[in-house]
Every structure is written in structure tokens, then in C-alpha cells.
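> Have a look at this one before I ask anything.
The values are calculated or read from the model by the stated rules, or taken from the named source; none is laboratory data. Because the structure is predicted, anything quoted here is derived from the model rather than measured. Neighbour counts are summed over all protein chains in view; Cβ atoms, including those assigned to glycine, are modelled from backbone coordinates with ideal geometry.
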Amino acid sequence: MKFNYWQDFEEGKIYHIYNRAVSNELLFRNDEDYVSFLNKFNKYFGNYFSVFAYCLIPNHFHILVQVKSLSEILFSLKNESSKASELLKSQKSNINSFLIDQLRRFFSSISLSYNNKYQRRGPLLSPRSKRVLVNGENKLIYLISYIHHNPIHHGLCSDYSTWKYSSYKAYCNDLNSKIAKKEILDWIGGIEIFEEIHFMFRIDYFDNMNLD
């Protein structure tokens with residue numbers, strides 16, 4: 001049976017979201033592009049997702065999120081004025097429709113800024129961002145490590161802890177962060193176990209997990 005890479009968003013569920021630039025285009029050319037992407041993601045989703053992990057590399061990204069509760073989302077919608085948000089507030093739509101529209105607006109903003117900056121035309125990202133429901137604790141642990149190891153997987157570095165554009169470093173310091181690290185560390189059993197899981201990780205541990 002064909003795997004569904006575009007599963008519906010539901011409150012409280014965890015999803016692996018990923019996408020890549022079209023053709024041989026780069027999604028991120030310099031530090032400013034990485035920072036702009038993260039700032040825009042927080043603008044469009046900071047009130048609606050808890051982010052457990054992310055990694056940005058030159059031509060694609062991975063983000064692991066949990067959809068917040070409907071009550072939290074509705075409370076935050078006072079800051080939204082989109083048609084999709086109005087439909088959700090009036091109970092004429094659902095969380096999935098609203099978040100898909102946020103993804104559309106987010107990617108449109110990314111592409112517009114990028115094209116203006118680099119004087120290019122046309123789409124920047126693949127038309128449909130993949131979003132896969134994460135079922136089970138083992139898969140969640142695997143995905144956090146997989147995402148942080150992604151730069152090694154693509155030959156960009158030899159040590160995942162040195163990559164600037166992932167959430168790994170946020171877990172390993174005491175600074176405030178937009179990453180929902182306390183929830184993950186409390187669940188795993190602390191930073192020592194978190195670090196050990198990453199150290200023992202192998203990129204081919206689950207070769208049938210339908211990941212890019």
C-alpha cells in the first residue's frame with residue numbers, strides 16, 4: 001500500500017515535517033537565510049506548534065513538532081487575520097485546514113523573500129511539504145536523533161554537535177529556547193541519556209521508516 005506523506009494535522013499529535021528546494025536550488029545560501037527561515041517559522045507557527053527538533057541544511061529542512069491543543073490555538077488566533085483563522089474561530093473549519101493554510105502562507109513568505117533577495121523567479125520549494133504522523137516512543141526517539149544527524153548523513157560535517165542550524169545545541173545548554181526541550185528531556189530521563197542516545201545512533205537503524 002502506498003505510504004501517505006500528507007497526513008492530517010490533529011491536536012496533540014506529533015508530526016515530522018520536511019521539504020526541499022526545487023531542482024538544484026539552495027534553500028539557504030548564508031547565515032541570514034537560516035535565521036530568516038527560523039524567524040518566519042516562529043511567526044507562523046510559534047503559537048500553534050511545540051517544536052521538539054529541527055535541522056536546516058542547504059537544500060532542505062526537517063522539523064519535528066507537536067500540534068498544540070485546540071484551546072491554545074483558539075486563544076492565539078486573536079493575532080491572526082487570515083481567512084483560514086476566521087473559519088476556525090467560527091467553527092466552520094478545523095485544525096488541519098488552518099495549519100495547512102499556515103504552511104502555504106509560510107512557504108509563500110519564504111519564497112517571496114528569497115526571490116526578492118536573489119533576484120530569481122519561480123517556485124523555491126517542492127509543492128507539497130511532507131507531514132508524517134509520529135506513532136510510538138521508539139519512532140520519536142529515532143526521529144530526534146535522525147534529524148540532528150542529518151548533516152552527517154549528507155556529508156556536511158563529521159560531528160552533529162557542531163552543526164549550527166539544528167536544535168541539538170539548544171538541548172545541551174541552560175539558555176532559554178523556543179525548543180520544547182524540557183518536555184523531551186523529562187520524558188527521556190535527562191540530558192545524559194539524551195546525549196547517549198545520540199552517540200549510539202546509527203543512520204540505518206530503521207531502514208524502513210520512509211524518511212528522506
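> What number of residues in the stretch 119-169 are within 21 Å of S50 (Cα to Cα) and assigned to a helix (DSSP H, G or I)? Before the answer, list the steps.
Step one: of the stretch 119-169, the residues within 21 Å of S50 (Cα to Cα) are 129-150, 164-169.
From what is left, the residues that are assigned to a helix (DSSP H, G or I) are 137-150, 168-169.
Residues that pass the stated criteria total 16.
> Next question, about the same structure. Taking D186, is it among the acidic types (D, E), part of a helix (DSSP H, G or I) and surrounded by 15 or more Cβ atoms within 10 Å (Cβ to Cβ)? Don't jump to the end; show me each part of the working.
Details: among the acidic types (D, E): yes; part of a helix (DSSP H, G or I): yes; surrounded by 15 or more Cβ atoms within 10 Å (Cβ to Cβ): no.
In short, no.
> Could you give every pair whose Cβ atoms fall below 7 Å, whose first residue belongs to the stretch 112-123 and is free of Cβ contacts under 8 Å to residues at least 60 places away in the same chain and over 14 Å from F28 (Cα atoms), and whose second residue is outside any loop (DSSP other than H, G, I, E, B) and not hydrophobic (A, V, I, L, M, F, W, C), counting only separations of at least 6 or pairs across chains?
From residues that are free of Cβ contacts under 8 Å to residues at least 60 places away in the same chain and over 14 Å from F28 (Cα atoms), the pairs are R121/N115.
> If you take the residues in the stretch 159-204 that are hydroxyl-bearing (S, T, Y) and farther than 18 Å from Y18 by Cβ, which one is modelled with the lowest pLDDT?
Checking each candidate, the answer is S177.
> Would you mind stating whether R29 is in contact (Cβ under 8 Å) with a residue 12 or more places away in the chain, over 22 Å from I144 (Cβ atoms) and not in a helix (DSSP H, G or I)? So that I can check it myself, show each step before the final result.
On the way: in contact (Cβ under 8 Å) with a residue 12 or more places away in the chain: yes; over 22 Å from I144 (Cβ atoms): yes; not in a helix (DSSP H, G or I): yes.
Judged against the criteria, R29 is a match.
> Hey, another quick one. Quick check: anything in the stretch 96-103 at negative phi and not in a helix (DSSP H, G or I)? Before you say what the answer is, go through the steps one by one.
As a first pass, look at the stretch 96-103 and keep what is at negative phi: 96-103.
Among the residues that remain, those that are also not in a helix (DSSP H, G or I) are: none.
Within the stretch 96-103, not a single residue is at negative phi and not in a helix (DSSP H, G or I).
> Anything in the stretch 18-42 that is touching a helix residue (DSSP H, G or I) at 6+ places or on another chain (Cβ under 8 Å) and either among the aliphatic types (A, V, I, L, M) or loosely packed, with under 15 Cβ neighbours inside 10 Å (or both)? List them, or say none.
To start, the set of residues in the stretch 18-42 that are touching a helix residue (DSSP H, G or I) at 6+ places or on another chain (Cβ under 8 Å) comprises 19, 27-29, 33, 36-37, 40-41.
Of everything in the stretch 18-42, those that are touching a helix residue (DSSP H, G or I) at 6+ places or on another chain (Cβ under 8 Å) and either among the aliphatic types (A, V, I, L, M) or loosely packed, with under 15 Cβ neighbours inside 10 Å (or both) turn out to be L27, R29.
> Moving on to the next point. Just one of (1) touching a residue at least 12 places away in the same chain (Cβ under 8 Å); (2) surrounded by 15 or more Cβ atoms within 10 Å (Cβ to Cβ) trips up L133, so point out which.
For L133, the failing item is (2).
> With respect to Y15, is the statement that it is within 25 Å of H154 (Cα to Cα), surrounded by 18 or more Cβ atoms within 10 Å (Cβ to Cβ), of a type in the set (S, T, Y) and at pLDDT 95 or above true?
On the way: within 25 Å of H154 (Cα to Cα): yes; surrounded by 18 or more Cβ atoms within 10 Å (Cβ to Cβ): yes; of a type in the set (S, T, Y): yes; at pLDDT 95 or above: yes.
Yes.
> Same structure again: Being more than 15 Å from I63 (Cβ to Cβ) and either under 18 Å from the mean Cα position of the chain (by Cα) or of a type in the set (A, V, I, L, M) (or both): is that true of K139 here?
Numbers: more than 15 Å from I63 (Cβ to Cβ): yes; either under 18 Å from the mean Cα position of the chain (by Cα) or of a type in the set (A, V, I, L, M) (or both): yes.
It is true that K139 is more than 15 Å from I63 (Cβ to Cβ) and either under 18 Å from the mean Cα position of the chain (by Cα) or of a type in the set (A, V, I, L, M) (or both).
> Out of the stretch 45-82, which residues are touching a residue at least 12 places away in the same chain (Cβ under 8 Å), part of a helix (DSSP H, G or I) and surrounded by fewer than 19 Cβ atoms within 10 Å (Cβ to Cβ)?
Of the residues in the stretch 45-82, the ones touching a residue at least 12 places away in the same chain (Cβ under 8 Å) are 45-70, 72-74, 76-77, 79, 82.
Checking which are part of a helix (DSSP H, G or I) leaves us with 45, 70, 72-74, 76-77, 79.
Answer for the stretch 45-82, where residues must be touching a residue at least 12 places away in the same chain (Cβ under 8 Å), part of a helix (DSSP H, G or I) and surrounded by fewer than 19 Cβ atoms within 10 Å (Cβ to Cβ): L70, E72, L74, S76, L77, N79.
> Filter the stretch 54-102 down to the residues that are touching a Phe, Trp or Tyr at 6+ places or on another chain (Cβ under 8 Å) and of a type in the set (S, T, Y), then identify the one that is nearest to R128 (Cα to Cα).
Of everything passing the filter in the stretch 54-102, Y54 is nearest to R128 (Cα to Cα).
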